[in-house]
Amino acid sequence: MNILKSLIIWLCFIPVAILNGGLREYVLVEAIGEEWALPMSGIILSVCIFLITWLLLPRMIKAFTSKDGWLIGISWALLTIAFEFAAGLAGGSTVSELLAAYNPLSGNLWLLVLATTLLSPIIVKTHT
């Protein structure tokens with residue numbers, strides 16, 4: 001049941017990520033340029049994911065162990081990767097284009113977003 005409840009929390013990440021993409025493309029690129037908009041967007045999304053986890057996870061799952069936190073984090077990270085590839089491929093991106101997001105030297109902080117997604121449940125568990 002806990003993993004099902006955690007799935008509801010993960011689903012909250014999707015509209016936030018979409019809104020973050022809009023913020024990046026329509027506000028940040030204009031305000032700070034494309035070179036800085038991409039990493040700033042990664043930081044903003046990571047903060048949002050952590051805040052959603054911090055606000056919802058302890059309320060939806062009253063008692064969870066560190067092991068549960070790891071299982072939730074791993075599940076969320078795998079779901080995020082699967083969703084990103086499915087949406088990207090459905091949207092016409094190539095696998096090569098999708099894999100390019102995993103290179104932080106390009107300014108894309110997608111790995112930070114994935115690390116935040118993975119570790120947020122564990123961090124929240126240790127601080128609640």
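Laboratory data are not the source of any read-out in this text; all were calculated from the coordinates shown. The shown structure was predicted, so the numbers you read here are calculated from the model rather than taken from an experiment. Cβ atoms come from the backbone with ideal geometry, glycine included; neighbour counts cover every protein chain shown.
One table, with the values for the structure above:
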| quantity | calculated |
| --- | --- |
| Order by protection proxy (mean Cβ within 10 Å, highest first), peptides 56-64, 117-125 | 117-125, 56-64 |
| Taking the chain and dividing mean pair separation by its residue count, relative contact order in percent (alpha carbons under 8 Å, at least six apart) | 35 |
| Length gained when the stretch ILE52-CYS12 is fully extended (0.36 nm per residue, less Cα-Cα span) | 13.6 nm |
| Equivalent ellipsoid dimensions for the chain as semi-axes, Å, which come from the Cα gyration tensor, largest first | 27, 16, 13 |
| Cβ crowding within 10 Å averaged over residues, with 38-45, 23-30 ranked highest first | 38-45, 23-30 |
